[in-house]
1. Exactly one of these conditions fails for residue 216: (1) closer than 15 Å to residue 231 by Cβ; (2) crowded, with 18+ Cβ neighbours inside 10 Å. Give me its number.
2. Condition test on residue 52, is it under 30 Å from residue 157 (Cα atoms), buried (at least 16 other Cβ atoms within 10 Å of the Cβ) and without any contact (Cβ under 8 Å) to a residue 40 or more places away in the chain?
3. Can you confirm whether region 97-108 contains a residue that is under 27 Å from residue 141 (Cβ atoms) and loosely packed, with under 15 Cβ neighbours inside 10 Å?
4. Answer yes or no: is there a residue in region 56-69 that is polar (S, T, N, Q) and closer than 12 Å to residue 102 by Cβ.
5. Can you find a residue that is at pLDDT below 90 and not in a helix (DSSP H, G or I) anywhere in region 214-221?
6. Which condition number in (1) in a helix (DSSP H, G or I); (2) under 31 Å from the mean Cα position of the chain (by Cα); (3) not charged (D, E, K, R) is the one that residue 39 fails?
Amino acid sequence: MCPGVEELKRRKNIDGLVRDLKDDDAHVRRRAAEALGKFADAASIKPLIECLSDSDKDVRGWAAFSLGKLADAGIYDSASVKPLIECLSDRDEHVHKWAAVALGKLVQPVAEWLSDCEGDVRCFATIAIGVWYGVVDVSVKPLIECLSNSDKYVRKRTGFALGELAMAGVYDASSVKPLTNLLSDNDKDVSNGAAYALGKLANTGVYDWASVKPMVKLLVDHDRREHWVVVAYRELVYATSVKPLILDFQTCAQNR
């Protein structure tokens, strides 16, 4: 730790640490960005958001990390959502990792934000929710509404996001019908996303027999057969046919 930053940290001098975020020495900026995550002070948020576009990858990474730590303390600003989402495509793995973690802490505000966003911004927000699927207590209703969005990229990413959330045990049975409808979407990527989500939902025990027929149609359509569809069909068949048979067999064996 740089002596100057260490002293500012010891004194809990937030203003001084914020000033160091502008230092010409990247090492000083990194340590200042790291240190600010240790103090629950809203004054750090805007300067840290600005650091997400710093020329130094470690500064960007520590800025994202500290924004996540502040969010843990209930301190955040919706202005951080878009730059954090943009960091998901950063070439440095630590930058996009900590951006994803930070967005995970903000996932509920992001979900609520969806209803006020359009086009690519809305699409990126659905990606963000899907990326960090270790979260809990998340309402997926705003995402379900996105399944009928006119933007095909939004529909596609929403399907995959719902699938990722289902893997974490976060789902809503009301998503099955609109997802099933998307299996016949004109865009194959949209139908793939819907198939992916339906497969993951089936694994949780949430499914509808009405999904089977359009899923089969995708399988026999050579122009649209994709890995996601094959896997989803297998998961759906297992949930609707094989798993019940196994459970029945286990019940019979226990009653003997």
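1. (2)
2. Criteria not met by residue 52.
3. Looking for residues that are under 27 Å from residue 141 (Cβ atoms) and loosely packed, with under 15 Cβ neighbours inside 10 Å, one finds at least one in region 97-108, hence yes.
4. yes
5. Yes.
6. (1)
One line per residue, one yes/no per condition, for (1) among the polar types (S, T, N, Q); (2) crowded, with 22+ Cβ neighbours inside 10 Å; (3) more than 17 Å from residue 64 (Cβ to Cβ); (4) touching a Leu at 6+ places or on another chain (Cβ under 7 Å):
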| position | (1), (2), (3), (4) |
| --- | --- |
| 4 | no, no, yes, no |
| 7 | no, no, yes, no |
| 13 | yes, no, yes, no |
| 23 | no, no, yes, no |
| 27 | no, no, yes, no |
| 32 | no, yes, no, yes |
| 38 | no, no, no, no |
| 47 | no, no, no, yes |
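Table: residues versus (1) modelled with pLDDT under 85; (2) among the β-branched types (Val, Ile, Thr); (3) out of contact with any Gly (no Cβ under 7 Å at 6 or more places or on another chain).
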{"residue": "126", "(1), (2), (3)": "yes, yes, yes"}
{"residue": "134", "(1), (2), (3)": "yes, no, no"}
{"residue": "140", "(1), (2), (3)": "yes, yes, yes"}
{"residue": "151", "(1), (2), (3)": "yes, no, no"}
{"residue": "164", "(1), (2), (3)": "yes, no, no"}
{"residue": "168", "(1), (2), (3)": "yes, no, no"}
{"residue": "186", "(1), (2), (3)": "no, no, yes"}
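The values are calculated or read from the model by the stated rules, or taken from the named source; none is laboratory data. Since the model is a prediction, treat every value here as computed from it, not as a measurement. Positions of Cβ are generated from backbone atoms using ideal geometry, with glycine treated the same way; all protein chains shown enter the neighbour counts.
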